[in-house]
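Below you'll find the structure, written out as structure tokens, and then a few comments.
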């Protein structure tokens with residue numbers, strides 16, 4: 001059975017964050033809460049770890065993964081350019097439940113990217129998630145911690161039910177604050193395309209950047 005550690009959402013215990021980070025650095029898989037839902041974290045720059053994420057979720061490779069970063073300044077390492085619209089959205093909504101799709105830089109492994117060389121990026125508004133990214137020292141792939149096609153988990157118990165035998169660690173931070181997946185906006189099109197309307201509504205985004213598809 002997977003190891004489960006309770007963790008304080010507001011003041012995550014350092015030793016638990018470090019344990020999660022060590023597993024990730026060693027190529028393992030850790031489930032933890034974000035403000036939206038529970039995510040399944042792995043080293044985004046480790047191709048074998050990323051393949052494991054697809055495998056344990058039963059996720060088709062045709063559905064690309066997005067990446068969590070811990071600081072806004074890190075974004076430029078992983079994308080080719082940051083459009084003006086992105087700058088405005090990041091200023092308004094990051095950290096937060098908004099995933100933005102860019103053209104990926106050469107640092108991003110092909111196994112993560114969309115077929116058009118795109119990559120989704122997000123900076124979460126959750127101390128547990130941010131501190132794991134920081135302690136790991138790498139960006140993380142972090143899809144929802146469920147079997148593909150099942151509802152995204154908002155509690156650790158739901159993660160256990162779906163993935164309990166397949167991953168290395170679950171950090172239990174109680175119920176996810178928002179309980180709805182992030183909104184996904186594709187900035188490689190003009191105007192930007194709403195891929196998934198999640199925790200942030202289209203109206204709020206359009207107030208910042210104008211019309212979206």
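Just so it is clear, none of the values below were taken in a lab; they were calculated from the coordinates. Owing to the predicted nature of the structure, the values given are computational and were not obtained by experimental measurement. Every residue, glycine as well, gets a Cβ built from its backbone with ideal geometry; the counts of neighbours run over all protein chains shown.
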- Message: With a 10 Å cut-off between alpha carbons and a GNM built on the chain, which of 17, 76, 170 moves the most?
- Response: 76
- Task: Largest first and in whole Å, give the semi-axes of segment 83-122's equivalent ellipsoid, each being the square root of 5 times a Cα gyration tensor eigenvalue.
- Result: 21, 10, 8
- When the helix-only estimate is applied to the chain (DSSP H runs of n ≥ 4, each -39,500 (n - 2.57), divided by the residue count), what is the mean residue ellipticity at 222 nm, nearest 500 deg cm²/dmol? -8500 deg cm²/dmol
- Percent antiparallel among DSSP beta bridges confined to segment 3-209, rounded to 5, stands at 55
- In nm, to one decimal, how far is the residue 147 label point from the residue 84 one, both placed 7 Å along Cα→Cβ? 4.9
- Take the Cα pairs of segment 56-205, get the Kirkwood Rh, then feed it into Stokes-Einstein at 20 °C and 1.002 mPa s and tell me D in µm²/s. 134
- Message: Which one, 100, 130, 89, has the greatest fluctuation when you compute a Gaussian network model over the chain with C-alpha springs under 10 angstrom?
- Response: 89
- What is segment 62-170's relative contact order, in percent, from Cα pairs under 8 angstrom and six or more apart in sequence? 32
- Connecting every pair of Cα atoms under 10 Å apart in the chain and solving the GNM, the largest mean-square fluctuation among 105, 190, 118 falls on 190
- Query: So what's the gap between the Cα centers of segment 51-117 and segment 152-213, to the nearest angstrom?
  - Reply: 13
- Message: Over segment 3-209, what is the relative contact order in percent, taking alpha-carbon pairs closer than 8 angstrom and at least six residues apart?
- Response: 33
- Query: For segment 47-132, which semi-axes, largest first and in whole Å, follow from the square roots of 5 times the eigenvalues of its Cα gyration tensor?
  - Reply: 22, 16, 11
